[in-house]
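Colleague: Provided herewith is a single structure, encoded as structure tokens, for subsequent inquiry.
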Amino acid sequence: MRKTTLVSALAALAVAAASAGASTGASTFKFCTNPTFPPMELASPSGAISGFDIDMAAALAKTWGAASKPVNTSFAGLIPALNAKKCDAVISGIFVTPDRLKQAGAVVYMETHRVLIVKNGNPKHVSGPNGLKGLKVVVQAGTKYEEYLKALKAKIGFSLQSYPGDNDAVAQVLIGRADAVLTQDTSFAFQAKAHPGKIQVAYTFPAKDSFGIYFRKSDAIGAQIKSGVAKLRSNGTLVKLAAKYKIPVADLK
């Protein structure tokens, strides 16, 4: 009887130890991401994923003693994959919006601005959203940019074509098949470096957008993420990563 009791006690201690390890995050932090939005995240021909968000996720996981692992996911499937427990969080240059907050919790880590990108010299003289009337406009599919442009198109009229990735959309402007693309200032920073002198910002939207890390509302990891992001902000990690990827440093302050 005493032997049985001892075995049971040892088993209980083992379970408790395992639970303690899990609660401190000593494991792998899996995050869903769609690597089609450089410099936030992009994939190489071999499939390796890199970018600001990937480096940030690695630094974030270290704040609670974990390693990080990106899970390549379609953009439209990011929140569904999170809620299906295919990952612990979503980190993918994704906006914090009221409709998404109904589905998951979020921690903001960056504030940015939307921009209209055109060919250098702005040959169509785009000076704002209404200047898109009658033009050929492109955008990444499944994004809030696309939703906005569809509504604007119904009001003023223009040609709208959606593409799987932000790179694909910007490429249409570069090769002359489109007059403008709606994206983010982070994307312009990457594209301007990759294609010097070929594109410019025609218009910067005054309102800020917030990029956030989404997590399941019922999970304790939400508190770890909030604390971790605060630490990365205070110790300068976020600003250093912004400088590395040529993202406006003001977006991280």
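The values are calculated or read from the model by the stated rules, or taken from the named source; none is laboratory data. None of the values given here were measured: they were computed from a predicted structure. Here the Cβ positions follow ideal geometry from the backbone for every residue, glycine too, while neighbour counts run over all protein chains shown. All accessible areas refer to the heavy atoms of the entire protein, side chains included, with ligands and DNA or RNA removed. Shrake-Rupley method; radii C 1.70, N 1.55, O 1.52, S 1.80 Å.
Colleague: Only one of Ala81, Ala76, Ala89, Ala59 is touching a residue at least 60 places away in the same chain (Cβ under 8 Å) and over 26 Å from Thr237 (Cα atoms). Can you tell me which? Full working, then the answer.
Modeller: On the way: Ala81 fails: touching a residue at least 60 places away in the same chain (Cβ under 8 Å); Ala89 fails: over 26 Å from Thr237 (Cα atoms); Ala59 fails: over 26 Å from Thr237 (Cα atoms).
Step by step, each of Ala81, Ala76, Ala89, Ala59 is checked, and only Ala76 is touching a residue at least 60 places away in the same chain (Cβ under 8 Å) and over 26 Å from Thr237 (Cα atoms).
Colleague: Okay, next question. What number of residues within the stretch 229-253 are within 18 Å of Glu111 (Cβ to Cβ) and either touching a Phe, Trp or Tyr at 6+ places or on another chain (Cβ under 9 Å) or modelled with pLDDT under 95 (or both)?
Modeller: Of the stretch 229-253, the ones within 18 Å of Glu111 (Cβ to Cβ) are 229-230, 232-234, 236-243, 245-253.
Applying the additional criterion that residues be either touching a Phe, Trp or Tyr at 6+ places or on another chain (Cβ under 9 Å) or modelled with pLDDT under 95 (or both) yields 229, 232-233, 238, 241-243, 245-253.
Result for the stretch 229-253: 16.
Colleague: Given the condition touching a residue at least 24 places away in the same chain (Cβ under 8 Å), within 30 Å of His125 (Cβ to Cβ) and surrounded by fewer than 23 Cβ atoms within 10 Å (Cβ to Cβ), answer yes or no: does some residue in the stretch 226-241 qualify? Step through it out loud before you land on a result.
Modeller: Residues of the stretch 226-241 that are touching a residue at least 24 places away in the same chain (Cβ under 8 Å), as a first pass: 226-229, 231-233, 237-238, 241.
Of the ones still in play, those that are also within 30 Å of His125 (Cβ to Cβ) are none.
No, there is no match, as no residue in the stretch 226-241 is touching a residue at least 24 places away in the same chain (Cβ under 8 Å), within 30 Å of His125 (Cβ to Cβ) and surrounded by fewer than 23 Cβ atoms within 10 Å (Cβ to Cβ).
Colleague: Where residues in the stretch 192-225 are on the phi < 0 side of the Ramachandran plot and part of a loop (DSSP other than H, G, I, E, B), which of them is least open to solvent (accessible area, probe 1.4 Å)? Spell out the reasoning first.
Modeller: Narrowing the stretch 192-225 to residues on the phi < 0 side of the Ramachandran plot: 192-196, 198-225.
Those left that are additionally part of a loop (DSSP other than H, G, I, E, B): 195-196, 198, 216-220.
On the way: His195: 56, Pro196: 94, Lys198: 123, Arg216: 27, Lys217: 124, Ser218: 107, Asp219: 47, Ala220: 84 Å².
If we take residues in the stretch 192-225 being on the phi < 0 side of the Ramachandran plot and part of a loop (DSSP other than H, G, I, E, B), then Arg216 is least open to solvent (accessible area, probe 1.4 Å).
Colleague: In the stretch 104-141, which residues are part of a loop (DSSP other than H, G, I, E, B) and free of Cβ contacts under 8 Å to residues at least 60 places away in the same chain?
Modeller: Restricting attention to the stretch 104-141, the residues satisfying the condition of being part of a loop (DSSP other than H, G, I, E, B) are 104, 120-128, 133-135, 141.
Of everything in the stretch 104-141, those that are part of a loop (DSSP other than H, G, I, E, B) and free of Cβ contacts under 8 Å to residues at least 60 places away in the same chain turn out to be Pro123, Lys124, His125, Lys133, Gly134, Leu135.
Colleague: Answer yes or no: is there a residue in the stretch 33-50 that is hydrophobic (A, V, I, L, M, F, W, C), under 20 Å from Ile221 (Cα atoms) and in contact (Cβ under 8 Å) with a residue 40 or more places away in the chain. Walk me through how you get there before you give the answer.
Modeller: Pass one, the stretch 33-50, residues hydrophobic (A, V, I, L, M, F, W, C): 37, 40, 42-43, 48-49.
With under 20 Å from Ile221 (Cα atoms) added as a condition, the list becomes none.
No, the stretch 33-50 contains no residue that is hydrophobic (A, V, I, L, M, F, W, C), under 20 Å from Ile221 (Cα atoms) and in contact (Cβ under 8 Å) with a residue 40 or more places away in the chain.
Colleague: Okay, moving on. Can you work out which of the residues in the stretch 154-191 that are without any contact (Cβ under 8 Å) to a residue 24 or more places away in the chain and in a helix (DSSP H, G or I) is least open to solvent (accessible area, probe 1.4 Å)? Break it down into steps so the answer makes sense when it comes.
Modeller: First, pick out the residues of the stretch 154-191 that are without any contact (Cβ under 8 Å) to a residue 24 or more places away in the chain: 154-155, 160, 171, 175.
After this cut, where a residue has to be in a helix (DSSP H, G or I) as well, the list is 154-155, 171.
Working: Ala154: 90, Lys155: 169, Ala171: 35 Å².
Among residues in the stretch 154-191 that are without any contact (Cβ under 8 Å) to a residue 24 or more places away in the chain and in a helix (DSSP H, G or I), the one least open to solvent (accessible area, probe 1.4 Å) is Ala171.
Colleague: Sticking with this one: With respect to Thr63, is the statement that it is modelled with pLDDT under 95 and of a type in the set (Ser, Thr, Tyr) true? If you could, list the steps in order and put the result at the bottom.
Modeller: Working: modelled with pLDDT under 95: no; of a type in the set (Ser, Thr, Tyr): yes.
Against the criterion (modelled with pLDDT under 95 and of a type in the set (Ser, Thr, Tyr)), Thr63 does not qualify.
Colleague: If Thr112 satisfies all but one of (1) modelled with pLDDT under 95; (2) open to solvent by less than 30 Å² (accessible area, probe 1.4 Å); (3) farther than 30 Å from Gly228 by Cβ; (4) not charged (D, E, K, R), what's the number of the condition it fails?
Modeller: Condition (3) is where Thr112 drops out.
Colleague: Quick check on my filter: what residues within the stretch 123-153 are under 30 Å from Gly77 (Cα atoms) and open to solvent by 90 Å² or more (accessible area, probe 1.4 Å)?
Modeller: Lys136, Glu147, Lys150
Colleague: Take the stretch 42-75 and flag every residue that is in a helix (DSSP H, G or I) and farther than 17 Å from Asn167 by Cα. Break it down into steps so the answer makes sense when it comes.
Modeller: Narrowing the stretch 42-75 to residues in a helix (DSSP H, G or I): 52-62, 75.
If the condition is that a residue be in a helix (DSSP H, G or I) and farther than 17 Å from Asn167 by Cα, then Ile54, Asp55, Met56, Ala57, Ala58, Ala59, Leu60, Ala61, Lys62 are the ones that fit.
Colleague: A follow-up question, please. With respect to Gly93, is the statement that it is buried (at least 22 other Cβ atoms within 10 Å of the Cβ) and in a loop (DSSP other than H, G, I, E, B) true? If you could, list the steps in order and put the result at the bottom.
Modeller: Numbers: buried (at least 22 other Cβ atoms within 10 Å of the Cβ): yes; in a loop (DSSP other than H, G, I, E, B): yes.
Yes; evaluated as a whole, the condition is true for this residue.
Colleague: Hey, another quick one. Sort through Thr97, Thr28, Thr36, Thr63 and tell me the only one that's under 25 Å from Glu147 (Cα atoms) and over 12 Å from the mean Cα position of the chain (by Cα). It would help to see each step written out before you state the result.
Modeller: Numbers: Thr28 fails: under 25 Å from Glu147 (Cα atoms); Thr36 fails: over 12 Å from the mean Cα position of the chain (by Cα); Thr63 fails: under 25 Å from Glu147 (Cα atoms).
None of the others qualify; the one that does is Thr97.
Matching residues to (1) open to solvent by 40 Å² or more (accessible area, probe 1.4 Å); (2) β-branched (Val, Ile, Thr); (3) touching a strand residue (DSSP E or B) at 6+ places or on another chain (Cβ under 6 Å); (4) under 19 Å from Tyr109 (Cβ atoms):
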| site | (1), (2), (3), (4) |
| --- | --- |
| Gly47 | yes, no, no, no |
| Phe52 | no, no, no, yes |
| Met56 | no, no, no, yes |
| Trp64 | no, no, no, yes |
| Ser74 | yes, no, no, no |
| Leu78 | no, no, yes, yes |
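Colleague: Which residue, of Ile175, Ile199, is over 26 Å from Thr33 (Cβ atoms), out of contact with any Ser or Thr (no Cβ under 8 Å at 6 or more places or on another chain) and among the hydrophobic types (A, V, I, L, M, F, W, C)? Break it down stepwise before answering.
Modeller: Working: Ile199 fails: over 26 Å from Thr33 (Cβ atoms).
Among Ile175, Ile199, only Ile175 is over 26 Å from Thr33 (Cβ atoms), out of contact with any Ser or Thr (no Cβ under 8 Å at 6 or more places or on another chain) and among the hydrophobic types (A, V, I, L, M, F, W, C).
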